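The structure appears right after this line, and notes come after that.
The values are calculated or read from the model by the stated rules, or taken from the named source; none is laboratory data. All of these numbers come straight from a predicted model, not from anything done at the bench. No Cβ is skipped: glycine too gets one built from the backbone with ideal geometry, and neighbour counts run over all protein chains shown.
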Amino acid sequence: MTRNRAVFLDRDGTLNEEVDYLSRVEDLKIMSGAKPALRSFKNLGFLNIVITNQSGISRGFFSEDDLQKIHDELRSRLQDEGTYLIDEIYYSPYHREGIIEKYTIDSPDRKPGTGLITKAVEKRNIDLKESFLIGDSLTDMQCAGNAGLRKILVATGYGMRDYQKCLDLDLEPDFFAKDILDASEYITRLEVDKRNQKL
């Protein structure tokens, strides 16, 4: 049985502009290159899977219902001719320093843990060696490394700040992209090279 390939995507600072503890739909601002990038991944045969830490839930800043509204809006705005470009959204509401008891735990779902990726792999039969993670933080690159994914750091969000941190910890990204659209162009080049080698 053929396994699926995926692009795992951080949310804040990667797909949408970074907002501290985004809790309102009206504050959701999609990155200008997000839709064409996701369309490109789909055209190349990848699943688009969002994995995001949302500790604002454990800290009491917003609820899971609030988050669902934001994710519904995110999916709605990232459509292409009526087709959703995001296949799955997984989130971790946990943080050990939270104030909402049921979310105040150390969870493997919280990046750099790989719990969210494991859930996606089990549901979607994903080949991690043929997949990527795109994010804007050291935590994202650590998560990618822990899962055996190819790492793409974007300069948006916290990317410029965290690039040197990645180098200091010997976690150099496979590619340091200007933004998610630049990341998609890099993956496209890899795919073209791969296909040319098979000719």
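Contact annotation: residue pairs with Cβ atoms under 9 Å, 6 or more positions apart or on different chains, pairing a residue in the range 94-115 that is in a helix (DSSP H, G or I) with a partner that is of a type in the set (D, E, K, R), are Tyr103/Arg59; Gly115/Asp109. When residues in the range 57-93 are screened for being part of a loop (DSSP other than H, G, I, E, B) and at pLDDT 95 or above, 12 of them pass. For Gln79, the conditions (1) under 26 Å from Asn43 (Cα atoms); (2) surrounded by 16 or more Cβ atoms within 10 Å (Cβ to Cβ) all hold with the exception of (2).
Please indicate, with yes or no, whether at least one residue in the range 134-149 is touching a Pro at 6+ places or on another chain (Cβ under 7 Å), touching a residue at least 60 places away in the same chain (Cβ under 8 Å) and not hydrophobic (A, V, I, L, M, F, W, C). If you could, list the steps in order and put the result at the bottom.
Step one: list which residues in the range 134-149 are touching a Pro at 6+ places or on another chain (Cβ under 7 Å), which gives 139, 141-143, 146.
When the remaining residues are screened for being touching a residue at least 60 places away in the same chain (Cβ under 8 Å), the result is 139, 143.
Then drop every residue that is not not hydrophobic (A, V, I, L, M, F, W, C), which leaves 139.
The answer is yes; a qualifying residue exists.
Residues in the range 186-199 that are under 16 Å from Phe41 (Cα atoms) and free of Cβ contacts under 8 Å to residues at least 12 places away in the same chain: Arg189, Leu190, Val192, Asp193, Lys194, Arg195.
Name the single residue, out of those in the range 161-184 being touching a strand residue (DSSP E or B) at 6+ places or on another chain (Cβ under 9 Å) and touching a residue at least 60 places away in the same chain (Cβ under 8 Å), that is surrounded by the fewest Cβ atoms within 10 Å (Cβ to Cβ).
The initial filter retains those residues of the range 161-184 that are touching a strand residue (DSSP E or B) at 6+ places or on another chain (Cβ under 9 Å), namely 162-163, 166, 171-180, 182-184.
Checking which are touching a residue at least 60 places away in the same chain (Cβ under 8 Å) leaves us with 179-180, 182-184.
Working: Asp179: 20, Ile180: 30, Asp182: 17, Ala183: 27, Ser184: 25.
Only one residue fits best here, namely Asp182.
Right, Val50: among the β-branched types (Val, Ile, Thr), free of Cβ contacts under 8 Å to residues at least 60 places away in the same chain, surrounded by 21 or more Cβ atoms within 10 Å (Cβ to Cβ) and not in a helix (DSSP H, G or I) or not? Walk me through it before giving the result.
Values: among the β-branched types (Val, Ile, Thr): yes; free of Cβ contacts under 8 Å to residues at least 60 places away in the same chain: yes; surrounded by 21 or more Cβ atoms within 10 Å (Cβ to Cβ): yes; not in a helix (DSSP H, G or I): yes.
Yes; evaluated as a whole, the condition is true for this residue.
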